[in-house]
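Here is the structure we will look at.
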Amino acid sequence: MRRNIFDECIDVYPKDEWLKLIAGLREKLSQFNREQVRFFREFFRGAQEVELDGNGRVLIPRKMLDSIGIEGDEIVMVGQDSKIEIWGKIKYEESTMNTDEFVLLTSQIGL
């Protein structure tokens, strides 16, 4: 799991998806380009491997929860293709687009 690049949430990847993501980054980035090395380093900053406990639960480190500004004790887990996003309930609700914004975005990305 790692903090999302764009939003105040945590991205949780199954191990095989994480490895695919890293392989794709390695193909695109040069270890001899200073800015690309800085990006790769920052991408991994705070990333943590977690495992299920004996009851099938995952302990999310408090520091990671604090980094996304969890307010209260409610979280929202959202499936996003090959990952799960973990949000504080308030932040997730604030991130909602209205219908007009969503329609405009679909045309901007060519859907």
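The values are calculated or read from the model by the stated rules, or taken from the named source; none is laboratory data. Since the model is a prediction, treat every value here as computed from it, not as a measurement. Every residue, glycine as well, gets a Cβ built from its backbone with ideal geometry; the counts of neighbours run over all protein chains shown. In case anyone asks, the SASA skips ligands and DNA or RNA and just uses the protein heavy atoms, side chains included. Shrake-Rupley method; radii C 1.70, N 1.55, O 1.52, S 1.80 Å.
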Restricting the search to the stretch 17-39, which residues are within 20 Å of residue 82 (Cα to Cα) and either under 19 Å from the mean Cα position of the chain (by Cα) or part of a loop (DSSP other than H, G, I, E, B) (or both)? 17, 18, 19, 20, 21, 22, 23, 24, 25, 26
Cross-chain or 6+ apart pairs with Cβ under 8 Å, the stretch 87-102 first and over 18 Å from residue 4 (Cα atoms), then of a type outside the set (S, T, N, Q) and surrounded by 10 or more Cβ atoms within 10 Å (Cβ to Cβ): 97/105
Return yes or no: is residue 69 of a type in the set (Gly, Ala, Ser) and loosely packed, with under 11 Cβ neighbours inside 10 Å? no
Looking at the stretch 31-39, can you tell me whether even one residue there is farther than 22 Å from residue 95 by Cβ and open to solvent by less than 50 Å² (accessible area, probe 1.4 Å)? yes
Where residue 56 falls short, out of the listed (1) out of contact with any Phe, Trp or Tyr (no Cβ under 9 Å at 6 or more places or on another chain); (2) touching a residue at least 24 places away in the same chain (Cβ under 8 Å); (3) in a loop (DSSP other than H, G, I, E, B): (2)
Name the single residue, out of those in the stretch 72-86 being of a type outside the set (A, V, I, L, M) and surrounded by 10 or more Cβ atoms within 10 Å (Cβ to Cβ), that is farthest from the chain's Cα centre (by Cα). 74
